[in-house]
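Data first, discussion second: the structure below is written as structure tokens.
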Amino acid sequence: MGADQLSARHRSLIAAALGAALFWPAAVGADKSFIPIPEIITDPNEGNTIGLLAVVLFLDEKDEIKYMLAPDFRYNQTKGAFPTFRFFGYPSPARRYSVVAGKSTTRDEDYELEYTDRSFWEGRAFVLASFLREKDSTERFFGFGNDSRETPFSAPRRGPRGGESNYTDVDTQAQATPGVWLLPYANLSYRMRIRDYGVEPGQVSGIPFIAVTHPETRGRGLEGGTYWAHQVALTYDSRDSSDIPTQGALAFAYSEMAAEQLGSHTSFVKFGADWRDFIPLHKGNPILALRAVANYTTGDRDTPFWEQSSLGGRRGLRGFGSHRFIDFNRSLGQVEVRTRVYQRKLFGVNFELEVAPFTEAGQVFHKVIESPVKDLHWVYGVGVRGIVRPQIVGFVDIGRGSEGTAIFTGVDYPF
């Protein structure tokens, strides 16, 4: 989870708001707009959710969004009623922040603070900071490895073994990332991350607890733990926009470590690289977006599963649920063609509709020396995005993989 990323829940709700802007003309003034939206959300882990979202957009003299208020009330069969307050601030192109607070009538909760400021030292330095406290009772674990089973199988006198399991994560994280631009397109950053993680029984009916189905997680994350991790990254960034890029490239290489001697539960080292390129076609529409990722983790067998590499979800292999495949290392390739098909002024802002067919392939693997492309999982699909420049993208992405179809909604591009 990056410091400048929003949680999956409120991404989905704001995405719905942008899509509904086509049909709900409820502007209440020249400097603000009100959008009441019925919510119908489908998530591979959470299932179906219904609710009502009230979005208020506060605009500046350029008709750009300065603040956004987005409280809602939702109901989910597993989580119960779940009211949440959200406030987003965009005081300048280089500065933004958000506050989120939500608590269900059962055990789920979501509290988040995020702050980004890229204006230090006359734009040559930046700081990203975030805090997260989350309990999600619909988390899944299928086992370790690239060929983990989707469905459980029974072992004599020992109950279900392998396959899908459920648990509640109790995740508390605080992180800060200062950085400095060394050259016009290159920066160096340091990230300090403190994380405390716990595992409790889940609430999804009919799916067994992770400790029952996967006893191999004992000593490998089931007991939870605390980590103090340190990361150094070197980044090249020539994109014309960090939120809605139309040209340029982003590439970074990083190394991260946590050590028992410094207070972490176990020791590990992570390293990897991420490359993205945005190529305008036919006078800037469409945009060809490309991404290649390689992440590696070296550590003892007791490295917890929730600190290892994973694939699945809205940012990688969009035909599978979140964290569907887990192991020490992963590789991922993504291609999509972002094509603007509609635009008009709505609620005092310039709204654009974009369609983006995509293809993805990736795998997880255990040893660093193993081939990263030997046994790829493939996903094909299409995304529909609502865009309000200069900083907001809401999406609905539909992907199909070997285990069926998954639908994700949210804010921000997947890469």
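The table that follows gives values for the structure above.
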| item | result |
| --- | --- |
| Label point at Leu262 placed 7 Å out along Cα→Cβ; residues across region 184-221 whose backbone nitrogen lies under 14 Å | 190-195 |
| Simple label model, 7 Å out from Cα along Cβ direction - Ala211 to Tyr236, nm | 4.9 nm |
| Computed over region 90-233: relative contact order in percent, which uses C-alpha pairs under 8 Å that are six or more apart | 19 percent |
| The chain, accessible surface, carbon-and-sulfur percent (1.4 angstrom probe) | 60 percent |
| Cβ-placed point charges (K, R +1; D, E -1), dipole of region 315-390 about Cα centre in debye, nearest 20 | 340 debye |
| Rough spin-label spacing in nm, given labels placed 7 Å along Cα→Cβ, for Tyr342 and Glu370 | 4.4 nm |
| Sites Ala186 and Tyr67 - FRET efficiency at Förster radius 41 Å, r taken between beta-carbons, to 0.05 | 0.80 |
| Förster radius 56 Å - calculated FRET efficiency between Asp147 and Val99 (Cβ-Cβ, nearest 0.05) | 0.85 |
| Distance histogram in 10 Å bins (all Cα pairs of region 27-150, percent per bin) | 11, 29, 30, 21, 7, 1 |
| Overall dimensions of region 268-415 as given by Cα atoms, namely Rg and Dmax in Å | 17.0, 55 |
| Within the chain, helix-based [θ] at 222 nm, where runs of 4 or more DSSP H residues each add -39,500 (n - 2.57), nearest 500 | -1500 deg cm²/dmol |
| Relative contact order computed over the chain (Cα-Cα under 8 Å; 6+ residues apart), in percent | 13 percent |
| Dimensionless Rg/Rh of region 306-384 - Kirkwood Rh, Rg from C-alpha atoms | 1.16 |
| Reciprocal mean inverse distance between Cα atoms of region 78-204 - Kirkwood radius, Å | 17.9 Å |
| Å² per residue, accessible surface of the chain at 1.4 Å | 44 Å² |
| At most 15 other Cβ within 10 Å, DSSP loop - chymotrypsin sites (Phe, Trp or Tyr not before Pro), region 160-210 | Tyr185 |
| In the chain, lysine pairs with alpha-carbon atoms under 22 angstrom apart (chain gap of 8 or more, or interchain) | 10 |
| Once exposed loop trypsin sites (Lys or Arg not before Pro) are cut out (DSSP; at most 16 other Cβ, 10 Å), longest piece of the chain | 302-366 |
| Pairwise label distance in nanometres, Ala249 with Asp302, each label 7 Å out on the Cα-Cβ vector | 4.3 nm |
| Simple Cβ-charge dipole of the chain, Lys/Arg +1 and Asp/Glu -1, about Cα centre, in debye nearest 20 | 420 debye |
| Inter-part distance where region 337-415 and region 75-114 are each reduced to a Cα centre, Å | 23 Å |
| Region 318-415: relative contact order in percent, alpha carbon pairs under 8 Å with at least 6 residues between | 30 percent |
| With Cα atoms, 0 to 90° folded angle of helix 8-20 axis to the chain main axis | 30 degrees |
| Given (1) 4, 20, 33, 29, 11, 2, 0; (2) 4, 20, 29, 25, 14, 6, 2, 0; (3) 5, 23, 32, 24, 12, 4, 1, 0, the label whose value is P(r) over Cα pairs in 10 Å bins from 0, in percent derived from this model | (1) |
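The values are calculated or read from the model by the stated rules, or taken from the named source; none is laboratory data. Keep in mind the model is a prediction, meaning the values are calculated, not measured. Backbone-built Cβ (ideal geometry, glycine too); neighbour counts: all protein chains shown. The area values use the complete protein model at the heavy-atom level, side chains included, leaving out ligands, DNA and RNA. Shrake-Rupley method; radii C 1.70, N 1.55, O 1.52, S 1.80 Å.
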